[in-house]
Amino acid sequence: MLAMSGAAGAAAFAGCSGDTPEEGTGTGVGTGALEGGGEGSGSTSEDESGNGLVDQSLTVPGRYVPTDLQWNSYAPSHYAQQGGKVVFDPFLRNNRKTGELIPYLFQDWSVDGKTLTVNIRENDTWHNGDPVTAEDVVTKFRIDEIFGYAVSDYIDDVVAADETTVEYTMASDYRESVIMTTLSQSWLDTPTSRYGKFVERYDPEMSDEELTQLQSDIQDYQPSEPIGSGPFKYESADQQVLKLAKVEDHASADQINFPYYEVEYMSSNQQQWAAMKNLSGLDATTTTFFPKRIRESLPDAVQEYRIPSHNGYSIAFNHDDEDFGKRNVRRAIAHIIDQNRIATLVDDTKAAVKVPIGVGSFHSDTWDRHLGNNKNIYSSYTNKEKATKLLESEGYEKRSGTWHKPNGDKFAFDIPVPAGWSDFVSMSRIVSQMLTDFGIEATNKNVENTTFFGQHWGSSNFKIAPWFWNNSGQTDPFFTQSWILNSGTVKTNLNYPQEPKAPPMGEPDGEPQTVDIVSKLQQLGTSSDEKKINQLVQEVGWVINQSLPIYPIVEKQSQGFWNTNEWNVPEKGSEEQYVQFHYYWWPRVGAATAREQ
């Protein structure tokens, strides 16, 4: 469950620079935004219907020169990420606050045992005129399967029952919310007319060499223009702007009152900050992080939205390491690192992870809703005296203010950090200082992104390193806890054991016992009994809390900014706020519309 292969994992972070992934590597406008002035990103005119709009196009930032873009999301770099979110359609979405499933391309569905039946929206067409069919959905799954994407861990097979009906055979009898939330991450971006030739070559029994070649061939296929089926289609691209035109016969067309969607190239976050400050060059941002000093300089017309991410900065341990393979050493490090102090020092968009259990948000304080009366049995890791005792119990000794290992060597190590991930650099610097102040010689070592992945992360050549604590992209405890305990990252990069050990529940200093965590996660994903689900969440949370496969420190919030001089947008706190991401979802459902004169 939630395991991602090396190829898929590498593609997920390929090309990341300038910011931490998911916190805004998208960058985008030219130098115009830095020149000041400006009254908006578009001129007042009339659209094709004769309605006068303040702006004719919704403009968002992009991280690549538009003429360098390619339209294959499986290729390792230069994918048209921002444009792709409106050129292609998602299967469905979900509300990250309520868990509500929102139909879109998938209009309705039913689960019967291990069979999931889905009806897709009728009368959809690709932008070349071909009909969108169930076979296209099958093609999408096959490509995901070729790359070992997480969805293939949940689904064994899929067939097109007819033109608009898809039948999935699930790997287990997952409850509806689990399997549909899994599929909510998928986009129909692999038309059979283009990708069918790759699917025809695929055989689950093919050799590793043949599979690697097929993956490589798919990644090498990089069309310069897309065939999509979304509400906007490709019109043009130059050195600065990717221009997409509204598709008048799309199912969402009636919700969209503007004719163009544009992605403006910006080479730095600073350009995005200046564009929003000057109300010139951008209408909305994607996922770029805006620090407090920048937010405070924005005009009143810029509306900020935040969504708790259920993810953020953590310290990842190498469980094959001679020091950090020891549970008590990991627990000691957790006690030394003051997560509350780090959250306070860094930015008000960060919240301390009060108790590492892998559930809920620490911004909205929903983390303890599954814990009931057992809330207080979990360790919060805030006791330096306890850290001392834990290290001493493993034979470590502090002499002249410096900790030494059982063999007499100094307890010293580097913390490699991708230099381009600015917030990770800041937090890792604080972590290394806290450890050093305690007597452990930890050195923050900033390295190029390629060096981090090639020489440290990919080869597990580190003792501890910064990473995320929930890259599942979801909020339900099943997904977050599965990622922390059983993802490809944790098992492969961190060498966390398949059957971890933890003391009896409620006895942190008890004798650790082997836990069949895969079985517990399987039950968590299939049970429909709320009482049983809560019990499993608590049991799995205890294993995370006590074995510390990874140590979550802060939770971030994703940010979105809109120019309200030119756009009608929802009130803060509305349900629309919790459906990701605003820049491509709100226009589809009429939640963001161009203001009229």
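In region 84-99 there is at least one residue that is at pLDDT 95 or above, open to solvent by less than 10 Å² (accessible area, probe 1.4 Å) and β-branched (Val, Ile, Thr). The single condition from (1) without any contact (Cβ under 8 Å) to a residue 40 or more places away in the chain; (2) open to solvent by less than 20 Å² (accessible area, probe 1.4 Å) that Arg369 fails is (2).
Just for region 157-170: of the residues that are under 26 Å from the mean Cα position of the chain (by Cα) and without any contact (Cβ under 8 Å) to a residue 24 or more places away in the chain, which one is surrounded by the most Cβ atoms within 10 Å (Cβ to Cβ)? Applying the filter and picking the extreme gives Val158.
Scan region 245-301 residue by residue and report those that are of a type in the set (Lys, Arg), free of Cβ contacts under 8 Å to residues at least 12 places away in the same chain and more than 22 Å from Arg63 (Cα to Cα). Steps first, please.
Narrowing region 245-301 to residues of a type in the set (Lys, Arg): 246, 277, 292-293, 295.
Restricting the remaining residues to those that are free of Cβ contacts under 8 Å to residues at least 12 places away in the same chain gives 293, 295.
Residue satisfying the conditions is Arg293 alone.
Of the residues contained in region 408-428, one or more are found to be at pLDDT 95 or above and part of a helix (DSSP H, G or I). Just one of the listed residues (Lys520, Lys491) is of a type in the set (Lys, Arg) and either crowded, with 24+ Cβ neighbours inside 10 Å or over 29 Å from Ser77 (Cα atoms) (or both), and it is Lys520.
Residue by residue, here is whether (1) under 14 Å from Leu105 (Cα atoms); (2) part of a strand (DSSP E or B) holds:
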| residue | (1), (2) |
| --- | --- |
| Asp136 | yes, no |
| Thr139 | no, no |
| Ile143 | no, no |
| Gly148 | no, no |
| Asp157 | no, yes |
| Val166 | yes, yes |
| Thr169 | no, yes |
| Asp173 | no, no |
| Ile179 | no, no |
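In region 406-431, the qualifying residues are those that are farther than 24 Å from Thr344 by Cα and of a type in the set (D, E, K, R), and the one that is surrounded by the most Cβ atoms within 10 Å (Cβ to Cβ) is Asp414. Exactly one residue among Tyr583, Tyr578 is at pLDDT 95 or above and under 30 Å from Tyr305 (Cα atoms), and that residue is Tyr583. Taking region 191-215 as the range and being open to solvent by 40 Å² or more (accessible area, probe 1.4 Å), under 29 Å from the mean Cα position of the chain (by Cα) and farther than 12 Å from Glu145 by Cβ as the test, the residues that pass are Thr192, Arg194, Asp208, Thr212, Gln213.
Taking the criterion of being of a type in the set (Val, Ile, Thr) and modelled with pLDDT of 90 or more, the residues of region 464-483 that qualify are Ile464, Thr480.
Of everything in region 448-463 that is among the hydroxyl-bearing types (Ser, Thr, Tyr) and out of contact with any helix residue (DSSP H, G or I) (no Cβ under 8 Å at 6 or more places or on another chain), the residue that is modelled with the highest pLDDT is Thr451.
Within region 55-68, if we keep just the residues that are touching a residue at least 24 places away in the same chain (Cβ under 8 Å) and open to solvent by 20 Å² or more (accessible area, probe 1.4 Å), the residue that is farthest from Gly281 (Cα to Cα) turns out to be Thr67. If you go through region 266-320 and keep only what is charged (D, E, K, R) and outside any strand (DSSP E or B), you end up with Lys277, Asp283, Lys292, Arg293, Arg295, Glu296, Asp300, Asp320.
The values are calculated or read from the model by the stated rules, or taken from the named source; none is laboratory data. Quick caveat: nothing in here was measured; it's all calculated off a predicted structure. All Cβ positions, even for glycine, are placed from backbone atoms using ideal geometry, and neighbour counts span all protein chains on display. Ligands, DNA and RNA are excluded from the accessible area calculation, which covers all protein heavy atoms including side chains. Shrake-Rupley method; radii C 1.70, N 1.55, O 1.52, S 1.80 Å.
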